[in-house]
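Everything below concerns the one structure shown next.
The values are calculated or read from the model by the stated rules, or taken from the named source; none is laboratory data. Keep in mind it's a predicted model, so treat the numbers as computed, not measured. Positions of Cβ are generated from backbone atoms using ideal geometry, with glycine treated the same way; all protein chains shown enter the neighbour counts. Note: areas computed on protein heavy atoms with side chains; ligands, DNA, RNA excluded. Shrake-Rupley method; radii C 1.70, N 1.55, O 1.52, S 1.80 Å.
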Number of protein chains: 2
Amino acid sequence: MSSQTEPLIVQSYLGGKWQTGSDRGAALVNPTDGFTIAFASSKGLDLGAALDYSRRVGGPELRKLGYAQRAALLGKIADVLAAKREQWFEIARKNSGNTKADAGMDVDGSIGTLKYFAKVGAALGDSNALADGAPARLARDPNFQGLHIGVPMSGVAVHINAFNFPGWGLWEKAAVTLLSGMPVFAKPATSTCWLAKEMVAAVVEAGILPEGSLSILCGSPNEMLDHLQFGDVVAFTGSAGTGQKIRQHPRVQQQGVRVNIEADSLNAALLGPDVSDGSASSHFFVREVVREMTLKAGQKCTAIRRVLVPADRAAGVASALVAALSEVRVGNPENEAVGMGPVVNGQQRKSIENGIKSLSKEASIRYRPAKFTPVDADPEAGAFVPPTLFEVANASQSSLVNDLEVFGPVATVVPYRDKDDSFAIAQRGGGSLAVSVFSEDTNYLADAATALGSSHGRVLLVDPSIGDSHTGHGIVLPSLLHGGPGRAGGGEELGGLHGMWLYHQRVAVQGSGTTLTAIASRAVEIPK
Amino acid sequence: MSSQTEPLIVQSYLGGKWQTGSDRGAALVNPTDGFTIAFASSKGLDLGAALDYSRRVGGPELRKLGYAQRAALLGKIADVLAAKREQWFEIARKNSGNTKADAGMDVDGSIGTLKYFAKVGAALGDSNALADGAPARLARDPNFQGLHIGVPMSGVAVHINAFNFPGWGLWEKAAVTLLSGMPVFAKPATSTCWLAKEMVAAVVEAGILPEGSLSILCGSPNEMLDHLQFGDVVAFTGSAGTGQKIRQHPRVQQQGVRVNIEADSLNAALLGPDVSDGSASSHFFVREVVREMTLKAGQKCTAIRRVLVPADRAAGVASALVAALSEVRVGNPENEAVGMGPVVNGQQRKSIENGIKSLSKEASIRYRPAKFTPVDADPEAGAFVPPTLFEVANASQSSLVNDLEVFGPVATVVPYRDKDDSFAIAQRGGGSLAVSVFSEDTNYLADAATALGSSHGRVLLVDPSIGDSHTGHGIVLPSLLHGGPGRAGGGEELGGLHGMWLYHQRVAVQGSGTTLTAIASRAVEIPK
């Protein structure tokens, strides 16, 4: 219990009403001091009725508007969220242990993504279908033609989000979905659902969206998946294991529900073979690795886990990383001097500590403070984990380095022999969300794009000309694809308006010139 | 055993060698007389080594060529197949009981699809990556840019095909895959693998393709899926049940192998509310339903299973269908007067007869010849099933009509009340590959495209101007998407060059203007 106030009850907004579960439910804690700040329960809530309401009311109401009208609603949501920015930062600090930089990624990332889709969606006009190309002749008779269009799916989009981005995770999915004309049914991770709930409440109170188009379930999902049906879409972000469970769920299988998965992955950063000690590229590389290890206390599905460096430079890079990591002040995010806060809760801390123990069997610890005292916080009560750097003598020494994701401020330096070896090791992650490559050799960078492209969803190529202006390895931009093959789940989110295909059915239409002209006039081509 | 000759042994082409299993394996029969004509065994074959060979040798060899060079190889394959067309028709008759029209769909469909991709692929030049748009600014610094590209997957494409199209199923998948730069590992359905094997043998003998780029496994797949790994793609055509098993296979899950599924579905044909008795549209509709029921003896995953007609026209349409069906001569496909051959074997005949029994509990039989004697064939030894037409009094009378696919010459007339009801009933199939709509009302047809588009992969809209020139409800064109949501598996094949995305990873690339210009110059934009 918090020493100051009674814990809050985090409600759910379902079927157009705020609802509360019938028991106290799960505790939400402040990871800085371990106090319980809220409870969320979904016990006894009628999820079948709630999902049905989204489908029956929300979908049709949304599709009474066209793309551009819905885009305008996204702009209004962004404005509402921007007006309460300070409130979101406070919740993010209290419930997620976020520093201002951490919370900025989540909160400003939400607002920025909504504004982006408000802007690009405005160009789509008032239609309710996408066109992919123009009618084209199909046979001898020029009057028999074909056309591909995209039609919004008829069900509800269920968004199952991870604990690390309660704000951005909600809105990056919701923006594309609402723009597409599908109702959103959000299920944030319970441990940090407070921010998501408050954001939804602000939007509901502002009366921006049509009835039924935005719902949120706080607490356990219970039997939610049993109520899914054909026409629904599930977009999940989280662990590979949970992703597989969703995909294998009998109801999902039997109804052929579309599922998109973004799973954690063993993302790598590569320092090019050409980069010399003390160069600008070397500096940019070390700075980025440290940023990725410490931002959000390393709790990002895109974070760098494997630091690939030429074998003869491994010692130097490791030393530079150790020097930078030892400058990071870990502690209470309320203290402005603190550069890294706690992880989300004691359970995650335990999981990370176990991961560190496992990795220690195959890799040596290069940095981990022997005596560790968080700033302005109790090391026992808070969920603090100091940054920890591993190294391996060679890439084949450890399979865990390519396989075990420790979801905290933890990374491993892996030496490589040559260019081919650098690409081969990066690929050993078995499919990742993002990889970044630092080099001054344009050919090496271009080769990396194709060599690593088949196993990654995003490739960041940093030459010195963008060393200070690139947006970062871990930052997901709304205009670029987010997702990755293999272990990363095989999903595709965002990527600008292309992301709307997740919420549309692509369909081939065949007919006469007259019929296809009529259909084409009701659809809009996605601008490149 | 055939009375004339010793049964053949259908070999497999794996690891660049023709191989034979260590036992006799499964029998392939002639469904017209029930004689065994061949055996196929894969017992003891080293499938792990074979798949590895495709990945290690076939993939890199193929990707030494660019798109246009590979497109040229497809043209050569088409020529080799065209030169032996009569031989393929003979095998299709003997092993699949195909009439000339049936075999034409399979054989000429193969050649046509290869020629189509040879032609459209020629425009792609010698690059080995796709570009999706041009580099675009990502942040304040105009030099920091983003671009989406497509990179061929690094593994092997495993194609698991259905018994009904041993030729076309092989080549429609192989054409797109080879063009994309991935090696093909084909696993035809054992019961009709003879044609697929002979076609592959002709192509191998002609020395067209690089070593390792085309393999075929005839017989049981044994533990094939256990050898899959990240970077592979599985494209499956067949039953929804088998599709689910593939998707849930532990190795597929654990490695995040990309899976595309085309499953059978309860496709509908709709007669518009505006169509009057005796009109041209009515005639086109009846003709198409009969064609779909009898072509390939109804063994097409796209075939019309549900015949939706306005309630007040149901009796008239059913009578017209009965009149047409009673003209169909069923029997030995060698007899030129025969319009419909047997189904593929006794097991399928049994399965269809069981399906008819089940449907009979909820629907009444409108047509099924009481005394049935196939032309030039033994009714007991051959796998003959006469065309069978059911009807229901109203759509809510039977759930089986929307749920049980009888994979033979079987369809059900379902009356509907009005426009909305017609669309609602069509959607009750839970996701289908194709739906066709016959009407003279452009608005109704255009409404059908969006109303049915979210639950179908293809919508054929027939007005009288294309009544004679359209290519048919069940015909899959290489330029149009083949696949459907929900029950139909959620897959996307073909659709012109768009189909290549199944064999590419879409990846976002971020970098400086210089780097992205270099990458863009190595990639080719898919022409619309």
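Couple of notes before you dig in:
- Applying both filters, DSSP loop and at most 14 other Cβ atoms within 10 Å, to the chymotrypsin sites (Phe, Trp or Tyr not before Pro) of region A:359-443 gives A:372.
- Buried between A and B is an accessible area of approximately 5800 Å², summed over both sides with a 1.4 Å probe.
- When only the Cβ of Lys, Arg, Asp and Glu is charged (+1, +1, -1, -1), the dipole of chain A relative to its Cα centre reaches about 1080 debye.
- For a straight C-alpha distance cut-off of 14 angstrom, the aspartates and glutamates reachable from residue A:84 (same-chain residues fewer than eight places away being disregarded) are A:106, A:108, A:198, A:205.
- Exposed GluC sites (Glu not before Pro) absent - longest run of chain A, DSSP non-H/G/I/E/B, at most 11 other C-beta within 10 Å: A:1-222
- By accessible area with a 1.4 Å probe, ligands and nucleic acids excluded, highest first: order of A:111, A:9: A:9, A:111
- Among residues of chain A, the one whose Cβ lies closest to the rotation axis carrying chain A onto chain B, together with that distance rounded to whole Å, is A:248, 3.
- The trypsin sites (Lys or Arg not before Pro) found in region B:30-88 that occupy coil by DSSP, while having at most 16 further C-beta atoms within 10 Å, are B:43, B:64, B:84.
- Cα-centred dipole magnitude for the protein assembly as shown, charges only on beta-carbon of K, R (+1) and D, E (-1), debye, nearest 20: 540 debye
- Potential lengthening between residue A:223 and residue A:245 on full extension [0.36 nm per residue; Cα-Cα distance subtracted]: 6.6 nm
- Cα-based Rg of region A:57-176 normalised by 2.2 N^0.38 Å, two decimals: 1.42
- Take residue A:358, move 7 Å from Cα toward the beta carbon, and the resulting point lies 4.3 nm from the same point in each other copy, nearest first.
- Taking all protein chains together and a 1.4 Å probe, the residues A:329, B:487 rank A:329, B:487 from largest to smallest accessible area.
- Per-residue HN-Hα couplings for region B:130-138 [Karplus 6.51, -1.76, 1.60; θ = phi - 60°; Hz; x = Gly/Pro]: 9, 10, 10, x, 10, x, 9, 4, 10
- Cys residues of chain B counted as unpaired, since no other Cys beta-carbon is under 4.7 Å: B:301
- Rounded accessible area per residue of region A:267-478, 1.4 Å, Å²: 34 Å²
- In the assembly of identical copies, residue A:125 has its label point, taken 7 Å from Cα in the direction of the beta carbon, separated from the corresponding points by 3.1 nm (ascending, one decimal).
- Position residue B:36: other-copy label points at 7.1 nm, ordered by increasing distance, label point 7 Å along Cα→C-beta.
- Reduced Cα scattering model of region B:267-478, Debye log10 I(q)/I(0), q = 0.17 Å⁻¹: -1.15
- Relative contact order of chain B, taken over Cα pairs closer than 8 Å and 6 or more residues apart, is 19 percent.
- When the C-alpha to C-alpha distance is required to be over 19 Å, the pairs from A:43/A:197; A:94/A:371; B:43/B:245; B:43/B:300 that qualify are A:94/A:371; B:43/B:245; B:43/B:300.
- Size descriptors for region A:274-331, from the alpha-carbon set: Rg then Dmax equal 11.8, 38 Å.
- Going by accessible surface with a 1.4 Å probe and the largest first, A:119, A:350, A:173 read A:119, A:350, A:173.
- Bridges between two residues of region B:267-478, per DSSP, are antiparallel at a rate of about 10%.
- Charge dipole (Cα centre; +1 on Lys/Arg Cβ, -1 on Asp/Glu Cβ; no other charges) of region B:267-478 amounts to roughly 620 debye.
- Computed from label points 7 Å out along Cα-Cβ, the spacing between residue B:521 and residue B:375 is 6.6 nm.
- Stokes-Einstein D in µm²/s, Kirkwood radius over Cα pairs - chain B at 10 °C with 1.306 mPa s viscosity: 66 µm²/s
- Residues in region B:406-447 reached by a label modelled at residue B:276 [backbone nitrogen below 14 Å; 7 Å Cα→Cβ]: B:440-441
- Rounded Å value of the spacing that divides the Cα centres of region B:225-272 and region B:82-129: 24 Å
- Comparing B:498, B:457, B:470 along the charge dipole axis of region B:447-528, the residue lying farthest to the positive side is B:498, per the Cβ-charge model.
- Placing unit charges on the Cβ atoms of the charged side chains and taking the dipole of the protein assembly as shown about its Cα centre, the candidate lying farthest along the positive direction among B:220, B:177, A:367 is B:220.
- In this view, the solvent-accessible surface of residue A:480, computed with a 1.4 Å probe and all protein chains in place, comes to about 10 Å².
- Three-way shape call for region A:102-143 based on the alpha-carbon gyration tensor, with the a/c threshold at 1.5: prolate
- Paired Rg and Dmax values of the protein assembly as shown, which use every Cα atom, in angstrom: 29.8, 94
- Region B:447-524 versus region A:457-528: alpha-carbon centroid distance in Å: 14 Å
- 222 nm mean residue ellipticity, helices alone, for chain A (DSSP H n ≥ 4; -39,500 (n - 2.57); rounded to 500): -10500 deg cm²/dmol
- Expressed as a whole percent, the accessible surface of chain B that belongs to carbon and sulfur atoms is 50, based on a 1.4 Å probe.
- DSSP H segments from chain A that extend 15 Å or more along their own axis, Cα-based, with Kyte-Doolittle mean of 1.6 or above: A:314-325
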